[in-house]
Amino acid sequence: MTKKSLRIGLIGCGFMGRTHSNGYNRIKNFFPELQYQPVLKAVCARREDRAKDFAAQWGYESWETDWKKLIARDDIDAIDICTPNDTHAEIAIAAAAKGKMILCEKPLSRTLEEGQKMVDAVEKAKVANTIWYNYRRLPAVTLAKSIIESGKLGKIFHFRANFLQDWTISPELPQGGEGLWRLDVDAAGSGVTGDLLAHCIDTAMWLNGAITDVSAVTETFIKERVHTASGKVQKVGIDDACIFHCHFKNGSLGLFESTRYARGHKALYTFEINGEHASIKWDLHDLNRLEYFDHRDESIVRGWRSILVTDGDQPFMKRWWVPGLIIGYEHSFIHQAADFLASLEKGEPCHPTFRDALETQKVCAAVIESANTRSWKDTKVSDDVG
């Protein structure tokens, strides 16, 4: 089969830039049958030394310091956006106008309005697009999707999830700038709602369908921080913690919690789903396992079972090692990159698309509005989200 090159232009050299680059680099080894193969054509960062070093480390052929020059290049097919949230809309809209495919880090945007403009741009240009909600591509999470669709759980009653961290507890931590832009509302749009709960919401609606309405509470524990840009103490505008409950369209109830003030937790992401016949639960800290309980089991052996998701007939695992040998967080990005390439071959969308991610943005917006007004808010999420 004749191979086709997908020439990648990456914007942003931070943590996500590394995970995406690693994903592209592993495709040829573990997905060799794909018709499209990624070529790391150029990377862009504001500092030339950083862009040059990143290019050398990860195998990019060239570098730029101006993203507008990058998207104008004729030798690039797809733009991968790994920049802070406040730049997603401008870059994506400009890239779509140039006819480039777009892979964008989550969340889609800072606001629902920005997100809608991004959706309009990619759909007008008819360019392939996806958002890196990578947890969908962890084999145990994908297996959970398969189990739910099989009907084994029966009618679903509850979905609960949390995402807990502890890295912003110190009042000495400034807001803004490299590494700390997530604490600056102008750059991030929101705090844990857009950064952490967005992951939980995307996974929840993929597994359990549309969230129809929410009631939320948020808190900003440290009200003022020094801003790195001005050197002055400024009000903190992001949410440090958020709790919300909700209704799903299928009649189930949802409970979500996220905070950066849970001492002892660096990235505790869990979910549990309870149905009339069975329940499942998952923990990022043990990401290769899916816990499963089936009430229909004989009573003397009924109990939670631990499924180690490493067999070749389980999602994605035939690509890797032998049963019993686990994979890691980084593999979710490899899987999403491979799925994007496969979607081009099939002429199908690679979910979650910008439009899918806009549904998650609707829930995030409703959560913030609910917390601000202390009232229930409808999400206006599409019925066929998932």
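Values computed for the structure shown
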{"quantity": "Members of Lys52/Lys106; Lys152/Lys362; Lys68/Lys100 lying beyond 23 Å, as alpha-carbon distances in this model show", "calculated": "Lys52/Lys106; Lys152/Lys362"}
{"quantity": "Exposure of Thr87 as accessible area (Å², to 10), given a probe of 1.4 Å and all protein chains", "calculated": "40"}
{"quantity": "Cut-off 14 Å, label 7 Å out along Cα→Cβ of Arg47, residues of region 171-187 by amide N", "calculated": "177-180"}
{"quantity": "Charge dipole (debye, nearest 20) of region 307-386; +1 at Cβ of Lys and Arg, -1 at Cβ of Asp and Glu", "calculated": "240"}
{"quantity": "Residue order for Asp239, Asp75, Asp120 - accessible surface, 1.4 angstrom probe, largest first", "calculated": "Asp120, Asp75, Asp239"}
{"quantity": "Using θ = phi - 60° and Karplus 6.51 cos²θ - 1.76 cosθ + 1.60, couplings along region 361-367 (whole Hz; Gly, Pro as x)", "calculated": "4, 4, 5, 4, 5, 5, 4"}
{"quantity": "Listed residues Phe31, Ala128, Cys364: farthest to the positive end of the dipole of the chain (Cβ charges)", "calculated": "Phe31"}
{"quantity": "Region 60-177, accessible surface, carbon-and-sulfur percent (1.4 angstrom probe)", "calculated": "52"}
{"quantity": "Positive dipole terminus of the chain, leading residue within Thr212, Ala198, Met16 (C-beta point charges)", "calculated": "Met16"}
{"quantity": "Region 258-377, accessible surface, carbon-and-sulfur percent (1.4 angstrom probe)", "calculated": "50"}
{"quantity": "Largest-first ordering by accessible area, 1.4 Å probe, given options Leu290, Leu173", "calculated": "Leu173, Leu290"}
{"quantity": "Overall form of the chain per C-alpha gyration tensor (a/c, 1.5; a/b vs b/c)", "calculated": "oblate"}
{"quantity": "Accessible-area value, Arg260, 1.4 Å probe, nucleic acids and ligands omitted, Å²", "calculated": "0"}
{"quantity": "FRET efficiency, 1/(1 + (r/R0)^6) with R0 30 Å, evaluated for Lys28 and Thr65 via beta carbons", "calculated": "0.60"}
{"quantity": "log₁₀ of I(q)/I(0) at q = 0.14, 0.18, 0.19, 0.26 Å⁻¹ - region 19-105, Debye sum with one point per alpha carbon", "calculated": "-0.49, -0.82, -0.91, -1.45"}
{"quantity": "Residue-normalised accessible area of the chain, expressed per residue, 1.4 Å probe, Å²", "calculated": "44"}
{"quantity": "Listed residues Pro171, His331, His285: farthest to the positive end of the dipole of the chain (Cβ charges)", "calculated": "His331"}
{"quantity": "Restraint check, Lys28/Lys69; Lys235/Lys377; Lys117/Lys318; Lys69/Lys223, Cα-Cα greater than 32 Å", "calculated": "Lys117/Lys318; Lys69/Lys223"}
{"quantity": "Spacing of the two label points (7 Å from each Cα toward its C-beta) at Lys126 and Lys3, in nm", "calculated": "2.9"}
{"quantity": "Net dipole in debye of the chain [+1 Lys, Arg Cβ; -1 Asp, Glu Cβ; about Cα centre; nearest 20]", "calculated": "440"}
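The values are calculated or read from the model by the stated rules, or taken from the named source; none is laboratory data. Not measured: the values here are computed from a predicted model. Cβ: placed from backbone, ideal geometry, glycine included. Neighbour counts: every protein chain shown. For the accessible areas, the whole protein counts, side chains as well, though only heavy atoms, and no ligand, DNA or RNA atoms are used. Shrake-Rupley method; radii C 1.70, N 1.55, O 1.52, S 1.80 Å.
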